[in-house]
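The values are calculated or read from the model by the stated rules, or taken from the named source; none is laboratory data. None of these values were measured; they are calculated from a predicted model. Glycine gets a Cβ as well: all are built from the backbone with ideal geometry, and neighbour counts include every protein chain shown. Only protein heavy atoms, including side chains, enter the accessible area calculation; ligands, DNA and RNA are left aside. Shrake-Rupley method; radii C 1.70, N 1.55, O 1.52, S 1.80 Å.
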Amino acid sequence: MSDTSTKYNSIEAEKKWYQYWLDNKLFKSVPDEREPFTIVIPPPNVTGVLHMGHIMNNTIQDILIRRARMQGKNACWVPGTDHASIATEAKVVNKLAEEGISKNDITRDEFMKHAWEWTHKHGGIILNQLQKIGASCDWDRTKFTLDEDLSESVIKVFIDLHKKGMIYRGIRMVNWDPKAQTAVSDEEVEYKDEKSKLYYVKYKIVDSDEFLTIATTRPETILGDSAICVHPEDERYKHLKDKKVIVPLVNREVPIIFDDYIDIEFGTGALKVTPAHDENDYMLGQKHNLQVIDIFNPDGTMSKEAQLFEGKDRFEVRKLIISELEKSGNFVKMEDYTNRVGYSQRTQVPIEPKLSMQWFLKMEELVKPALENVNNGNIRFSPKRFVNTYNHWLENVRDWNISRQLWWGHQIPAYYIGGTNNFVVAENIEKALELAIEKTGNNNLTINDLKQDEDVLDTWFSSWLWPISVFDGIRYPENEEIKYYYPTNVLATGHDIIFFWVARMIFAGYEFRNERPFKDVYFTGMVRDEKRRKMSKQLGNSPDPIKLIEKYGADGVRFGMMLCSPAGGDLLYNDSLPEQGRNFTNKIWNAFRLTQTWEVDENIPQPEHAKVALQWFNEKFNEQIANLDELYDNFKLSEALMLVYKLFRDEFSSWLLEIVKPDYQKPIDAKTYNEVKNYFDKLLRILHPLMPFITEEIWHQLEKRKDGDSIMIAEMPKAQSVNRETIAGFDFAKEVITQIRTIRKEKNLSYKKKLNLLYKDETGGFNKTFESVIIRLSGIDEVSETKEKVEGASHFVVKKTEFFVPLGDLIDKDAEIKKLSEELKYAKGFLNSVMKKLSNERFVNNAPVPVIEKERAKQADAEAKIKALEEQIKNLEA
């Protein structure tokens, strides 16, 4: 057994064991008689690369899936990627631009060919990287949202919802992204507070020498004004009824309208109305039948309709127009102003409100079961506080704009007939032709008379089906897989996509299967740096996860990421986290190496100290297994990791192994060795979901395994009944040992110098079962009972039992009195804090009985300790 390597080689072990798992198809899942446990991965962008958020999120999923697998469940973790319309198309457009090709100069088919080439070249890298962290996905099930079966599912759903009257087409004010040149949903807009300017501009009233002054943050939109609006109760403007004003620079006459929408207190109380470029203005325009003048091109430059500055960027025009207004005498003043500006989440450019013909999905009916089943607990959120966030959005949701002005994605299956706005919706052009002939009665129509809608569907319109479509439950709703694996068990995802994705998957679950898509949602937080900044390439504060794995090992990185990752809470990352993980990996390895150096003797009996220590560890292990199960059930994964960490580091390594290890150059008895090996095996099993590689490596070295055996399919230990007296007795012994060690340290006494221990126990609190352990770990020659105080002895109290270590001439009375006085001061302070609790009527009346009993026990122990300390000080002073 001495051939165990001095150091654990993480790189070698990770490569070896991941390939072993793949070769033996240990991640594979097919429906059988077992209970399923299903997770679908939040699909990363197909051309994305691994970042720290992926590490955290996928470590969480892997912990849950590995644990379920070891519990005997049929664990199925489905991987895949998302086509990410906006992000991927932007990358392809940039790549073409570098080659001197404009998207506008090539056909859709040519562009799609380039997009697929890009996807095949860069796609899937992130899934390969996830293997480095140990992700135990069923890779045979890998899906892509543009796969043929998933695409057919998306089109089928669109057609189904359109037939139900839930999808409609109409002109609406949308959030326009001038960089991506597409509409984006409300949820894809991020609002930022910005310091800007409030510009005051005066409009001449027709046939009058008067002017009407307005205030605006967007003077460039003056060119699209269709009216000036004032409040009907505003005394300043009542005389202007039926009057008109002249729009500066373009000299267009527009009406003064009266509407109680206006806030009299804001600015001058007069509002310029630009129906094409502000949602509220659009509503006013509809109400008052105003002209709609679209002054912007899709790329955010000024259009021909603006009459001035054609082709110039909107922000450049903001500066230029002030100069022109000053020249024309219409500019009044400007003031500093802070306003909220909407930015496209994808491209980080300011959103432009724009009237556009779009496709929408009605939300009213979809929202109802989604609200009900989260609030009644049928779908459980962890942490629960996100239910409020979810409710707020669903209670205020608007119809979903599902169309995007892009080419990369699922093309909308609507076909326009003969160059008109008359259309049919069908899964392909052949079926569309049948429907078009039926709709028009024109038998002479051909495929050439049909033109498919140019837009694609919002990316989320495919990923909202993800838990269903990966099991082909849209096309074949009664197939074996969807009936077995759905609903899934857990969704682990960031809380930042609660609206984009989580809520919409819930909509889809109840709409298409009348069932929740998952039982639990575990919301992860954001990975930030120590300054609480979001990690990004631009800030240079995001480490390369692959390099971290190479430096600290996958287990070390997993451990570090989970060390302080409370559900829904942000993780403040620094390199000390994976370093702690690597250190713990080394601790596990060194503990294993220690046991491998022992010579085993089948013929010697088991010593008493080993026997009782192993009895204690059995009880402690079972106690912690029950606690561990509860933590996992409540998704307290960081606490679960900490429990296993302390159980191994403190209870197993620092206590049990120290007690049972044989004396120098002496053998260990076989019974003790086999029991220690058995507990090492059990500890490896509860460690495995958290640290899969080192546990597999050691598990295979613990004893000979068959080919195909793996700890990942070994049975997870189950909680047994616990003897709490044994645990309490050992905890008592621990405190005695700690006190004796402190005495040795203070007196600079070598462990070679044997000491005697006497105890005065009037309450029967000292459990003699663990005497042998005290003798073993504290260098005590003999333990005996005394009825009297012991002179010339160092003294301490555990619970209500007094202990004495005779030191003879080694005792320094003054130093001992000082030490005991400090202990007395602390004990009195502790008692005072306990009494404050017990004298609080609210606490006594409302706290559970066990909690109150625990506080009363603390009171009794503290009072006994104070009494003993006072007597000891009195004796020393005599």
Do you know which of the residues in the range 754-794 that are exposed (fewer than 15 other Cβ atoms within 10 Å of the Cβ) and basic (Lys, Arg) is farthest from residue 740 (Cα to Cα)?
-> 787
Filtering the range 84-123 for residues that are modelled with pLDDT of 95 or more and within 29 Å of the chain's Cα centre (by Cα) leaves a count of 0
What's the number of the condition residue 406 fails, among (1) farther than 30 Å from residue 196 by Cα; (2) open to solvent by less than 40 Å² (accessible area, probe 1.4 Å); (3) outside any loop (DSSP other than H, G, I, E, B); (4) in contact with a strand residue (DSSP E or B) (Cβ under 6 Å, 6 or more places away or on another chain)?
-> (3)
Has the range 281-288 got any residue that is open to solvent by 60 Å² or more (accessible area, probe 1.4 Å), basic (Lys, Arg) and on the phi < 0 side of the Ramachandran plot?
-> yes
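I need the full set of residues from the range 150-191 which are among the acidic types (Asp, Glu) and closer than 16 Å to residue 409 by Cβ, in order please. Can you show your working first?
Taking the range 150-191 and keeping what is among the acidic types (Asp, Glu), we get 152, 160, 177, 186-188, 190.
If the condition is that a residue be among the acidic types (Asp, Glu) and closer than 16 Å to residue 409 by Cβ, then 152, 177, 188 are the ones that fit.
Considering only residues that are of a type in the set (A, V, I, L, M) and open to solvent by 10 Å² or more (accessible area, probe 1.4 Å), which ones fall in the range 691-710?
Going through the range 691-710, the residues of a type in the set (A, V, I, L, M) turn out to be 691, 694, 698, 702.
Of everything in the range 691-710, just one residue is of a type in the set (A, V, I, L, M) and open to solvent by 10 Å² or more (accessible area, probe 1.4 Å), namely 702.
Considering only the range 341-350, state which residues are more than 14 Å from residue 217 (Cβ to Cβ) and open to solvent by less than 40 Å² (accessible area, probe 1.4 Å).
Step one: filter the range 341-350 for residues more than 14 Å from residue 217 (Cβ to Cβ), giving 343-349.
The answer is 343, 344, 347, 349.
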Is there a residue being of a type in the set (Lys, Arg), in a strand (DSSP E or B) and open to solvent by 80 Å² or more (accessible area, probe 1.4 Å) anywhere in the range 378-386?
-> yes
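Being surrounded by fewer than 15 Cβ atoms within 10 Å (Cβ to Cβ) and β-branched (Val, Ile, Thr): is that true of residue 273 here? It would help to see each step written out before you state the result.
Values: surrounded by fewer than 15 Cβ atoms within 10 Å (Cβ to Cβ): no; β-branched (Val, Ile, Thr): yes.
No; evaluated as a whole, the condition is false for this residue.
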Note on the range 3-25: residues farther than 17 Å from residue 128 by Cα and either open to solvent by less than 60 Å² (accessible area, probe 1.4 Å) or touching a helix residue (DSSP H, G or I) at 6+ places or on another chain (Cβ under 7 Å) (or both) are 4, 8, 10, 13, 24
Where in the range 3-100 are there helices (runs of 4 or more DSSP H), lying wholly inside it, with at least 1 residues that are in contact with a Pro (Cβ under 7 Å, 6 or more places away or on another chain) and over 30 Å from residue 410 (Cβ atoms)?
-> 52-70
For residue 368, which of the numbered conditions (1) under 30 Å from residue 489 (Cβ atoms); (2) in a loop (DSSP other than H, G, I, E, B); (3) open to solvent by 70 Å² or more (accessible area, probe 1.4 Å) fails to hold?
-> (2)
Does residue 492 satisfy being part of a helix (DSSP H, G or I) and either modelled with pLDDT under 95 or over 18 Å from residue 144 (Cα atoms) (or both)?
-> no
Across the range 187-234, what is the total count of residues that are surrounded by fewer than 17 Cβ atoms within 10 Å (Cβ to Cβ), of a type in the set (Asp, Glu) and closer than 23 Å to residue 287 by Cα?
-> 2
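Being out of contact with any Phe, Trp or Tyr (no Cβ under 8 Å at 6 or more places or on another chain) and of a type in the set (A, V, I, L, M): is that true of residue 641 here?
Details: out of contact with any Phe, Trp or Tyr (no Cβ under 8 Å at 6 or more places or on another chain): no; of a type in the set (A, V, I, L, M): yes.
No, not satisfied.
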Would a scan of the range 181-203 turn up a residue that is assigned to a helix (DSSP H, G or I), among the aromatic types (Phe, Trp, Tyr) and farther than 26 Å from residue 344 by Cα?
-> no
Those residues of the range 430-448 which are open to solvent by 30 Å² or more (accessible area, probe 1.4 Å) and under 50 Å from the mean Cα position of the chain (by Cα) amount to 430, 431, 433, 434, 435, 439, 447, 448
If you check residue 713 against the conditions, is it closer than 24 Å to residue 63 by Cα, modelled with pLDDT of 95 or more, among the hydrophobic types (A, V, I, L, M, F, W, C) and open to solvent by 20 Å² or more (accessible area, probe 1.4 Å)?
-> yes
Taking first residues from the range 361-380 that are closer than 23 Å to residue 168 by Cβ and without any contact (Cβ under 8 Å) to a residue 60 or more places away in the chain and second residues anywhere that are part of a helix (DSSP H, G or I) and acidic (Asp, Glu), the pairs with Cβ under 9 Å that are 6 or more apart or on different chains are 371/395
